[in-house]
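Asks: Structure incoming, see below.
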Amino acid sequence: MASPQQSQSIQSIAVPAIAAFGCLAALLIGGALTRPNLEWYATLQRPSFAPPNSIFPIVWPILYLLMAMSAWLAWRAPGSEDDRRQAFIWFFIQLAIGVLWSVAFFWLHSPALGLGVILLFLIAIAITIVLFDRLSRAAAVLLAPLLLWVSFAAALNVAFFLLNG
């Protein structure tokens, strides 16, 4: 049986490792849902500010790496267990909503449904940033690029919806 100190040591590694694995899983699942639907995506009228498709496989891994680093910092920061638990619940919620956006937009071919999901995604990211900030300013700052990119993606989603009905 593990001592309380050993249990705490295991937990101090396990939760950030699970968060990092969650980031990797969300990245891989999102990509797996997107790739088979790129032919459909190519048929859509594109807004003038849409970046080339080659940008997305560069940006998303960087953002997921920043999310994993953010989770590590938030977990290791001083703070109440209640604040930490709430922050990580929202961290995993925003990961799940990110995958749901790939389901809605790409898998279901629905810019309209994607728009609803991406708005929830933005809210979940903002809540996660606020909760991570209670634990670690650096952890919150590492999520800022995600909020900015998903805001841009939301603008793209609106444009795709308006251009393609």
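Asks: Here are Val141, Val99, Val150: which of them is in a helix (DSSP H, G or I), more than 11 Å from the chain's Cα centre (by Cα) and β-branched (Val, Ile, Thr)?
Replies: Val141
Asks: Could you list all residues from segment 64-116 that are touching a Lys or Arg at 6+ places or on another chain (Cβ under 7 Å) and farther than 15 Å from Val15 by Cα?
Replies: If the condition is that a residue be touching a Lys or Arg at 6+ places or on another chain (Cβ under 7 Å) and farther than 15 Å from Val15 by Cα, then Gly79 is the only one that fits.
Asks: Kindly establish whether Phe161 is among the hydrophobic types (A, V, I, L, M, F, W, C), buried (at least 16 other Cβ atoms within 10 Å of the Cβ), at pLDDT 95 or above and in a helix (DSSP H, G or I).
Replies: For Phe161, the condition - among the hydrophobic types (A, V, I, L, M, F, W, C), buried (at least 16 other Cβ atoms within 10 Å of the Cβ), at pLDDT 95 or above and in a helix (DSSP H, G or I) - is met.
Asks: Let me ask something additional. So which pairs qualify, if the first residue must be in segment 105-117 and farther than 19 Å from Pro36 by Cα, the second must be modelled with pLDDT of 95 or more, the Cβ gap must be under 7 Å, and the two must be at least 6 apart or on different chains?
Replies: Correct list of pairs: Ala112/Phe161; Leu115/Asn157; Leu115/Val158; Leu115/Phe161; Val117/Ile97; Val117/Leu100; Val117/Trp101; Val117/Ala104.
Asks: Count, please, the residues in segment 91-104 that happen to be within 21 Å of Leu38 (Cα to Cα), of a type in the set (A, V, I, L, M) and touching a residue at least 40 places away in the same chain (Cβ under 8 Å).
Replies: Matching residues across segment 91-104 total 2.
Asks: Given Val99, Val117, Val130, which one is crowded, with 17+ Cβ neighbours inside 10 Å and within 30 Å of Gly79 (Cα to Cα)?
Replies: Val99
Asks: Tell me the residue from Ala104, Ala112, Ala74, Ala87 that is of a type in the set (A, V, I, L, M, F, W, C), more than 11 Å from the chain's Cα centre (by Cα) and over 20 Å from Ala25 (Cβ atoms), please.
Replies: Selected residue: Ala112, the only one of Ala104, Ala112, Ala74, Ala87 that is of a type in the set (A, V, I, L, M, F, W, C), more than 11 Å from the chain's Cα centre (by Cα) and over 20 Å from Ala25 (Cβ atoms).
Asks: Leu44 fails exactly one of the following numbered conditions: (1) part of a helix (DSSP H, G or I); (2) farther than 21 Å from Ile125 by Cβ; (3) modelled with pLDDT of 95 or more; (4) not aromatic (Phe, Trp, Tyr). What is the number of that condition?
Replies: All conditions pass for Leu44, except number (1).
The values are calculated or read from the model by the stated rules, or taken from the named source; none is laboratory data. All of these numbers come straight from a predicted model, not from anything done at the bench. Heads up, the Cβs are rebuilt from the backbone with ideal geometry, glycines too, and the neighbour counts pull from every protein chain shown.
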